[in-house]
Structures are given as structure tokens and as C-alpha cells.
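The structure appears right after this line, and notes come after that.
The values are calculated or read from the model by the stated rules, or taken from the named source; none is laboratory data. Predicted model, so just to flag it, every value in this text is computed and none were measured. Quick reminder, even Gly has a Cβ in these numbers, built from the backbone with ideal geometry, and neighbours come from all protein chains shown. Accessible surface areas use protein heavy atoms only, side chains included; no ligands, DNA or RNA. Shrake-Rupley method; radii C 1.70, N 1.55, O 1.52, S 1.80 Å.
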Amino acid sequence: MATKKVEIVVSPRPAHFVGDGFRVHNFIPGVHGLDMKRMDPFIMLDYNSKFHFNGSDRPRGVGVHPHRGFETVTIAYSGKVEHHDSAGGGGVIGEGDVQWMTAAKGVLHKEYHETEWAKTGGIFQMVQLWVNLPAKDKMSHPKYQAIENTKMERVDIGENGLIEVIAGEYKGHKGPATTFTPVHMMNAKLKAGGKADFDFPATFNTAALVIEGSIIINGEEQVKSDHFALFKNEGETFTIEAKEDSIVLIISGEPINEPIFPHGPFVMNSREEIMQAFEDFNTGKFGYLED
């Protein structure tokens, strides 16, 4: 098989706050070369790099807001997030856990620092990724997958470390998340000097975000902490070597190849569908959620 080479390595852009609880660097679609069409089915990636929040009696976060037409995937690396939605989903995303919410035809959602964690504060680090839905599934019923870290498929790669599979598979080991289109998502937790190899179809849009440490891809491309590497749509295999103890989020997905029409919290296939989404939201069809 041919090597899947790196197309670009992107440094984190200046951070901004989403609400008052999430200090994020936007990679998708805010960086040139990482637009929604290029990264399809991944249509948004916000990365809250390590940031210290002081303790607070009022949990910081984001108030009630709507979503339609896609899924939100929240991965907590440090800190805890509490969330609720109008479809009855909710709970706490603990360190290492994942919340996979299918907004589909529409939900109201809110997310905050978990109440007890917020009181003491500390280092907070997380990723939120939006995964697009194909047109035939955009108006399906909302659902929610709570994926605890202990439920993830762990692939032991010996003294090199391990791979935590969230969705898709790694060398035949399948993750617990169900997806509407082929999506692979996993954390590579490598010890210093450790190596891991990956194999995804050439046509899949594939990227790596270094959460911790620093790595070398294919023996030639260095990627530092908090940096994002996009792979070319050529070749299938690549290797990662950790220069120090590292955590790397790997994503790879088959493009849906349908029109993408985003507007704020809605991602549909046409302007008319966006207008309908706003009408449905304004007439209460997304349900009710107390702020």
C-alpha cells in the first residue's frame, strides 16, 4: 500500500470563548484549507487546549441553543462537562469520556462545567467535533450515545502504548460509537519513542490533532502539541512516532459528497431547509429546555 502523506500542518489560531466556559481554537472550518467541503464529513472542530479555570459557584458554559442536521462529538481530556438536551439526553462527560449527540431533526442543548468540578476549577481540555449527516438522515430522530472511557475498545500495542477506539476500527478492533456514514475516531496514547501505524482508504478525509506531546509522521513531518495535521487523499497508510509521551486524536471519514449549507447552529443541504429550520425553531418544534 502507498503512504498517506501530510498535506499541511496547521498551528492553533488565536483562541476565542464560546459562552464563558470554553476557550477554543477553531481548526474546521476557520483555517484556510480546512473548509467544510475539504473536511467532509467533519464540518467543525473546536479545540479547547489546556486552560486553567478558577473555581466558581456558578458553572461556566453555554446556555440553551439549537442544533439540526448533524452530530456533535465532545471528547473530554481534562475537566468535566455537564449537559442536557430537549430530547431527554444528558449527563456528565468525565475525563476521557465522549458524548456523541445526534441532533438530526432538532434539539435544544446546553453544556456547562460539571457543578462540583466548577467549584474548585482546574485544567480544562476538550475537543468538540461536528460530524455531518447525509440528507436522508438529517430529519431522523435525535439520539444520544454516552461513551465512558472504560467502554472504549483498547488496543494494546505493547511497550509503545495503546489505541482507544471511539468509532470505526483499528486493526479489526471496533469502537462503541455507531455512525451514519463510515467514520473512524480514536486516541493514540503513545509512550516516548513509541510508534503506531494506521490504514485508512485514500478517499477518506484524514487528520491528526496532537493533544499532548509531539510526534513525527512518516519519519519526516514533525507535529507539535496543539497542532493539526491534514493528510493528502492519496495512499492509505501512515505511521506516527512519539518524540515524548503523547496523545493524538486521529479522525478519518468517508466524504458524504452532498451540498453543505450551514447557518449558525444548523447545517442542511439548501437555503430552503435552513429557512425551515429557523421557522421550526421559532415555533417551538425543537422542544423545550430550561436555561
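Would you please name the residue that is modelled with the highest pLDDT, looking only at residues in region 73-88 that are of a type outside the set (Ser, Thr, Tyr) and open to solvent by 30 Å² or more (accessible area, probe 1.4 Å)?
So the residue we want is Lys80.
Please give the number of the condition Ala104 fails out of (1) at pLDDT 95 or above; (2) small (Gly, Ala, Ser); (3) over 19 Å from the mean Cα position of the chain (by Cα).
Here Ala104 clears every test but (3).
For region 89-109, what are the residues that are part of a strand (DSSP E or B) and either open to solvent by 30 Å² or more (accessible area, probe 1.4 Å) or touching a Pro at 6+ places or on another chain (Cβ under 6 Å) (or both)?
Of the residues in region 89-109, the ones part of a strand (DSSP E or B) are 90-93, 98-102, 107-109.
The answer is Gly90, Val92, Thr102, Val107, Leu108.
Each row is one residue, and each column tells you yes or no for (1) at pLDDT below 95; (2) in contact with a Phe, Trp or Tyr (Cβ under 8 Å, 6 or more places away or on another chain); (3) of a type in the set (D, E, K, R).
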position	(1), (2), (3)
His227	no, no, no
Phe231	no, yes, no
Ile251	no, yes, no
Ile256	no, no, no
Arg271	no, yes, yes
Ile274	no, yes, no
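Is it true that Ala2 is in contact with a His (Cβ under 9 Å, 6 or more places away or on another chain) and on the phi < 0 side of the Ramachandran plot?
Here the answer is no, as Ala2 does not meet what is asked.
Of everything in region 48-71 that's of a type in the set (Gly, Ala, Ser) and assigned to a loop (DSSP other than H, G, I, E, B), which residue is nearest to Glu279 (Cα to Cα)?
Ranking the qualifying residues of region 48-71, first place goes to Gly69.
Let me confirm something: among Asp20, Asp85, Asp40, which residue is within 22 Å of Met139 (Cα to Cα) and over 18 Å from the mean Cα position of the chain (by Cα)?
So the residue among Asp20, Asp85, Asp40 that is within 22 Å of Met139 (Cα to Cα) and over 18 Å from the mean Cα position of the chain (by Cα) is Asp85.
Does Met44 satisfy being within 26 Å of Lys285 (Cα to Cα) and surrounded by fewer than 23 Cβ atoms within 10 Å (Cβ to Cβ)?
Answer is yes for this residue.
Leu45: at pLDDT 95 or above, of a type in the set (A, V, I, L, M) and not in a strand (DSSP E or B), yes or no?
Numbers: at pLDDT 95 or above: yes; of a type in the set (A, V, I, L, M): yes; not in a strand (DSSP E or B): no.
So Leu45 does not fit the description; no.
Can you tell me which residues in region 133-150 are in a helix (DSSP H, G or I) and either open to solvent by less than 40 Å² (accessible area, probe 1.4 Å) or in contact with a strand residue (DSSP E or B) (Cβ under 9 Å, 6 or more places away or on another chain) (or both)?
Result: Ala135, Asp137, Asn149.
Take the conditions open to solvent by 10 Å² or more (accessible area, probe 1.4 Å), closer than 18 Å to Ile166 by Cα and aliphatic (A, V, I, L, M) and apply them to Val62. Does it pass?
In short, no.
Looking at region 5-42, which of its residues are assigned to a loop (DSSP other than H, G, I, E, B) and either in contact with a Gly (Cβ under 6 Å, 6 or more places away or on another chain) or of a type in the set (Phe, Trp, Tyr) (or both)?
Selection gives Gly19, Gly21, Pro41.
Name the residues in region 274-291 that are open to solvent by 80 Å² or more (accessible area, probe 1.4 Å) and under 25 Å from the mean Cα position of the chain (by Cα), would you?
Answer for region 274-291, where residues must be open to solvent by 80 Å² or more (accessible area, probe 1.4 Å) and under 25 Å from the mean Cα position of the chain (by Cα): just Asp291.
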